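Enquirer: Encoded as structure tokens, here's the structure I'll be asking about.
The values are calculated or read from the model by the stated rules, or taken from the named source; none is laboratory data. On a predicted model such as this, the values are computed, not experimentally measured, just so you know. Cβ placement follows ideal geometry from the backbone for every residue including glycine, while neighbour counts extend to all protein chains displayed. Accessible surface areas use protein heavy atoms only, side chains included; no ligands, DNA or RNA. Shrake-Rupley method; radii C 1.70, N 1.55, O 1.52, S 1.80 Å.
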Amino acid sequence: MSDYDVVVVGAGNAGLTASTTLAQNGLKILLLERHNIPGGCATSFRRGRFEFEVALHQLSGLGAPEKPGPLRATLDKLGVLGDLEFVQMSDLYSLSMPDGFSLTFKTDLDQIAATLKEKFPHQRDEIKRFFDLMSGYAADMLGAFIFRDPEASREKYPRLYQYAFRPVKSVLEEFFTDPLLKAVLSVYWGYLGVPPDRLAFAYLAMLFFVYVEFKPYHLKGGSQALSNALLNKFLSHGGEVRFNCAAEKIVVRDGQVKAVVTEHGDTITTRRVLSNASQIMTYVRMIGPEHLPEEMRRVMGSRKISTSAFTLYVGFDREPDELGLTASTNFLLASTDLERNPYDGLNRLEIEDELLVLSCYDVADPDFSPPGACQANIVTLKYGDPWLRVPPAQYAEVKFRCAEGMLKRIEQIWPETRNHIEELEVGTPLTHMRYLGTPRGSVYGYEQQTKDSLFFQPGGGSPIQGLNFAGGWTGDCGFQPTLEAGVAAARSIIKQLG
């Protein structure tokens, strides 16, 4: 008899929701986590009197109690909804440029369209047609894919078939000639990790839909509060967890998972393994290339590892309004030139004209930081490869030089910020690689390019019997998708185990 029904590797979003779902259904579950706290990206850390949020900007798919979204239903079924407190954000996002241009979108589609028509009156008709398309396309996606319409066809969903494989840039150019307008509408690519020329339009349409329909939310206590609540619920159902305990090896014999060996040398027999780690780490490091199925070798070889991130965690000794911060989510644009190659910025060390996003959680939640203070998470996307080439002796100098470049960009919009910095921590792609254990510090799994979009995702299965996956490496990235993916993977395992 096996020691456990399922061993879950990794306590990220999907690992936590999968473990809790499995334990709720009476299975004997062991959760292994290499870090000393649960959460993966959904964590926090302390510096001085601040507790910094690591990754969450806006929680999607939650919805209000009177109009619940899919994530609210998921958290309710997991039994943690009552343990959490949410604050609805009043703004979708604010966008600023060094030349003084700025706008703020409220979480209402009519208001967004009205704001754009006021700023870009010469493209009023095109703005209406574009938002009609996005709304209609999201409705088609819901009908055909989310609710699985058995009669889905090209005739019934013509927009879906027409735009399914079009990148964002191509669709924007179909409607608009103003480069600034196109840039304003495409900034959410920073949440998905793929620039507009390769990002599937389906993702932009659905992202706007879930944020406008169900509103963006802030989580009191940050994402660590959610991770802690899930872990506590898992333990209450009899689940077991080991922190500071990485899975070193997954034992496979005759194409079947047999056991997991920890970094401490313990061998744990199990009927199944659910990996919240990347497929690359799971197959190549934990299982071994000799057991890597050829079909998985081809699949992984055809995908591109996503970007990592360069992040500043800043604690200020002033309230947000004293610094001029009036929106929770702020995108900073230095250029509206969509013709330039955005991958140039993603592939260099320096911070120059990249898209930045600054999240000041205290705008929505005045209690998030100590009284008289506030904090900001400032991030831009960077591939990990250039950072892997930095000599160790030069790492600190390069890191702080890049941080200085980011601070200069922030000062262009909010001049008082530098004078009121109390705490500052810098996270590079190497930092993310160290704490997340992902190849090259990837924060989005594989890139969600048009050719790899949700229409082609392989799911969480494996040719190796007894092995399943859940998380951003087998589906969509982000908090809502990975939280829901863990539940879906657990249900699949329950069905397989009978």
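Residue-by-condition table, conditions (1) touching a Pro at 6+ places or on another chain (Cβ under 7 Å); (2) among the acidic types (Asp, Glu); (3) within 23 Å of residue 189 (Cβ to Cβ):
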{"site": "362", "(1), (2), (3)": "yes, yes, no"}
{"site": "365", "(1), (2), (3)": "no, yes, no"}
{"site": "368", "(1), (2), (3)": "no, no, no"}
{"site": "375", "(1), (2), (3)": "no, no, no"}
{"site": "381", "(1), (2), (3)": "no, no, yes"}
{"site": "386", "(1), (2), (3)": "no, no, yes"}
{"site": "396", "(1), (2), (3)": "no, no, no"}
{"site": "402", "(1), (2), (3)": "no, no, yes"}
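Enquirer: Take the conditions farther than 27 Å from residue 333 by Cα, open to solvent by 40 Å² or more (accessible area, probe 1.4 Å) and outside any strand (DSSP E or B) and apply them to residue 34. Does it pass? Write out each step before concluding.
Expert: On the way: farther than 27 Å from residue 333 by Cα: yes; open to solvent by 40 Å² or more (accessible area, probe 1.4 Å): yes; outside any strand (DSSP E or B): yes.
Yes: the conditions hold for residue 34.
Enquirer: Condition (residue is modelled with pLDDT of 95 or more, open to solvent by less than 20 Å² (accessible area, probe 1.4 Å) and either among the hydroxyl-bearing types (Ser, Thr, Tyr) or touching a Cys at 6+ places or on another chain (Cβ under 7 Å) (or both)) applied to segment 449-465: is it met by at least one residue? Before you say what the answer is, go through the steps one by one.
Expert: Taking segment 449-465 and keeping what is modelled with pLDDT of 95 or more, we get none.
No; the residues of segment 449-465 include none that is modelled with pLDDT of 95 or more, open to solvent by less than 20 Å² (accessible area, probe 1.4 Å) and either among the hydroxyl-bearing types (Ser, Thr, Tyr) or touching a Cys at 6+ places or on another chain (Cβ under 7 Å) (or both).
Enquirer: Would you confirm, using the coordinates I've provided, whether residue 241 is outside any helix (DSSP H, G or I) and either touching a residue at least 40 places away in the same chain (Cβ under 8 Å) or open to solvent by less than 10 Å² (accessible area, probe 1.4 Å) (or both)?
Expert: Values: outside any helix (DSSP H, G or I): yes; either touching a residue at least 40 places away in the same chain (Cβ under 8 Å) or open to solvent by less than 10 Å² (accessible area, probe 1.4 Å) (or both): yes.
Answer is yes for this residue.
Enquirer: For segment 212-221, state whether one or more residues are surrounded by 22 or more Cβ atoms within 10 Å (Cβ to Cβ) and more than 29 Å from residue 110 (Cβ to Cβ).
Expert: no
Enquirer: If you take the residues in segment 302-319 that are over 19 Å from the mean Cα position of the chain (by Cα) and open to solvent by less than 10 Å² (accessible area, probe 1.4 Å), which one is nearest to residue 192 (Cα to Cα)?
Expert: The first filter runs over segment 302-319 and keeps only residues over 19 Å from the mean Cα position of the chain (by Cα), leaving 302, 314-319.
From the residues that got through so far, the ones that are open to solvent by less than 10 Å² (accessible area, probe 1.4 Å) too are 314-316.
Working: 314: 23, 315: 26, 316: 28 Å.
Step by step, filter segment 302-319, then rank; the result is 314.
Enquirer: Also: Among the residues of segment 385-403, which ones are within 28 Å of residue 94 (Cα to Cα), of a type outside the set (A, V, I, L, M, F, W, C) and either open to solvent by 70 Å² or more (accessible area, probe 1.4 Å) or touching a Gly at 6+ places or on another chain (Cβ under 8 Å) (or both)?
Expert: Here is the first cut: in segment 385-403, the ones within 28 Å of residue 94 (Cα to Cα) are 399-403.
Still in the list and also of a type outside the set (A, V, I, L, M, F, W, C): 399, 401.
Matches in segment 385-403: 401 only.
Enquirer: Considering only segment 145-161, state which residues are in contact with a helix residue (DSSP H, G or I) (Cβ under 9 Å, 6 or more places away or on another chain), over 17 Å from residue 205 (Cα atoms) and not charged (D, E, K, R).
Expert: Listed by number, the residues that qualify are 152, 153.
Enquirer: So the check is Cβ under 7 Å with 6+ separation or different chains; which pairs have a first residue in segment 403-423 that's without any contact (Cβ under 8 Å) to a residue 40 or more places away in the chain and a second one that's open to solvent by less than 50 Å² (accessible area, probe 1.4 Å) and not in a helix (DSSP H, G or I)?
Expert: 411/417
Enquirer: Could you please find all residues in segment 165-214 being in a loop (DSSP other than H, G, I, E, B) and within 19 Å of the chain's Cα centre (by Cα)? Steps first, answer last, please.
Expert: Keep residues of segment 165-214 that are in a loop (DSSP other than H, G, I, E, B), which gives 165-166, 176-178, 192-198.
Scanning segment 165-214 gives 192, 193, 194, 195, 196, 198.
Enquirer: Assuming residue 371 fulfils every condition listed in (1) modelled with pLDDT of 95 or more; (2) part of a loop (DSSP other than H, G, I, E, B); (3) open to solvent by less than 10 Å² (accessible area, probe 1.4 Å) apart from one, which condition is it?
Expert: Checking residue 371 against (1) modelled with pLDDT of 95 or more; (2) part of a loop (DSSP other than H, G, I, E, B); (3) open to solvent by less than 10 Å² (accessible area, probe 1.4 Å), the one that fails is (3).
Enquirer: Quick check on my filter: what residues within segment 147-182 are farther than 27 Å from residue 105 by Cα and either open to solvent by 40 Å² or more (accessible area, probe 1.4 Å) or in contact with a His (Cβ under 9 Å, 6 or more places away or on another chain) (or both)? Don't jump to the end; show me each part of the working.
Expert: In the first step, residues of segment 147-182 are kept if they are farther than 27 Å from residue 105 by Cα; the result is 147-158, 161-162, 165.
Passing the criteria: 147, 148, 150, 151, 152, 154, 155, 156, 158, 161, 162, 165.
Enquirer: Tell me which residues, restricted to segment 405-420, are surrounded by 12 or more Cβ atoms within 10 Å (Cβ to Cβ), of a type outside the set (Lys, Arg) and either within 26 Å of the chain's Cα centre (by Cα) or under 21 Å from residue 94 (Cα atoms) (or both).
Expert: If the condition is that a residue be surrounded by 12 or more Cβ atoms within 10 Å (Cβ to Cβ), of a type outside the set (Lys, Arg) and either within 26 Å of the chain's Cα centre (by Cα) or under 21 Å from residue 94 (Cα atoms) (or both), then 405, 406, 407, 410, 411, 412, 413, 414, 416, 417 are the ones that fit.
Enquirer: Looking at segment 244-282, which of its residues are more than 30 Å from residue 302 (Cα to Cα) and without any contact (Cβ under 8 Å) to a residue 40 or more places away in the chain?
Expert: 264, 265, 266, 267
Enquirer: Still on this structure, I have one more. What residue, among those in segment 462-498 that are of a type in the set (S, T, N, Q) and touching a Lys or Arg at 6+ places or on another chain (Cβ under 8 Å), is nearest to residue 284 (Cα to Cα)? Write out each step before concluding.
Expert: Kept after step one, since they are of a type in the set (S, T, N, Q), are these residues of segment 462-498: 462, 465, 468, 474, 480, 482, 492, 496.
From what's left, touching a Lys or Arg at 6+ places or on another chain (Cβ under 8 Å): 468, 496.
On the way: 468: 15, 496: 25 Å.
Residue satisfying both the conditions and the ranking: 468.
Enquirer: Got at least one residue in segment 104-117 being in contact (Cβ under 8 Å) with a residue 24 or more places away in the chain, β-branched (Val, Ile, Thr) and under 30 Å from residue 24 (Cα atoms)? Before the answer, list the steps.
Expert: If we filter segment 104-117 for residues that are in contact (Cβ under 8 Å) with a residue 24 or more places away in the chain, which is where we start, we get 104, 107-109, 112, 116.
From what is left, the residues that are β-branched (Val, Ile, Thr) are 104, 107, 112.
Checking the rest, the ones that are also under 30 Å from residue 24 (Cα atoms) come to none.
No, the conditions are met nowhere in segment 104-117.
Enquirer: Does segment 124-132 contain at least one residue that is under 21 Å from the mean Cα position of the chain (by Cα) and open to solvent by less than 80 Å² (accessible area, probe 1.4 Å)? Reasoning before the result, please.
Expert: Initial filter on segment 124-132 (under 21 Å from the mean Cα position of the chain (by Cα)): none.
Checking segment 124-132: not a single residue is under 21 Å from the mean Cα position of the chain (by Cα) and open to solvent by less than 80 Å² (accessible area, probe 1.4 Å).
Enquirer: Filter segment 479-498 down to the residues that are among the small types (Gly, Ala, Ser) and more than 14 Å from residue 74 (Cβ to Cβ), then identify the one that is farthest from the chain's Cα centre (by Cα). Let's see the steps before the verdict.
Expert: Taking segment 479-498 as the starting set, the residues that turn out to be among the small types (Gly, Ala, Ser) are 485-486, 488-490, 492, 498.
Keeping just the survivors that are more than 14 Å from residue 74 (Cβ to Cβ) gives 492, 498.
Values: 492: 23, 498: 32 Å.
Looking at residues that are among the small types (Gly, Ala, Ser) and more than 14 Å from residue 74 (Cβ to Cβ), I get 498.
Enquirer: Tell me which residues, restricted to segment 244-260, are closer than 15 Å to residue 467 by Cα and either at pLDDT 95 or above or not in a loop (DSSP other than H, G, I, E, B) (or both). I'd like the intermediate steps shown before the answer.
Expert: Of all residues in segment 244-260, those closer than 15 Å to residue 467 by Cα come to 247, 249-260.
Answer for segment 244-260, where residues must be closer than 15 Å to residue 467 by Cα and either at pLDDT 95 or above or not in a loop (DSSP other than H, G, I, E, B) (or both): 247, 249, 250, 251, 252, 253, 256, 257, 258, 259, 260.
Enquirer: Tell me yes or no: at least one residue of segment 392-402 is among the hydrophobic types (A, V, I, L, M, F, W, C), at pLDDT 95 or above and closer than 30 Å to residue 86 by Cα.
Expert: No; the residues of segment 392-402 include none that is among the hydrophobic types (A, V, I, L, M, F, W, C), at pLDDT 95 or above and closer than 30 Å to residue 86 by Cα.
Enquirer: Which of the residues spanning segment 50-80 are among the aliphatic types (A, V, I, L, M) and in a loop (DSSP other than H, G, I, E, B)?
Expert: From segment 50-80, those among the aliphatic types (A, V, I, L, M) are 54-56, 59, 62, 64, 71, 73, 75, 78, 80; that's our starting set.
54, 55, 56, 62, 80, listed by residue number.
Enquirer: Keeping to segment 84-103, report how many residues are farther than 22 Å from residue 61 by Cβ, open to solvent by 50 Å² or more (accessible area, probe 1.4 Å) and touching a strand residue (DSSP E or B) at 6+ places or on another chain (Cβ under 7 Å).
Expert: Final tally of qualifying residues: 1.
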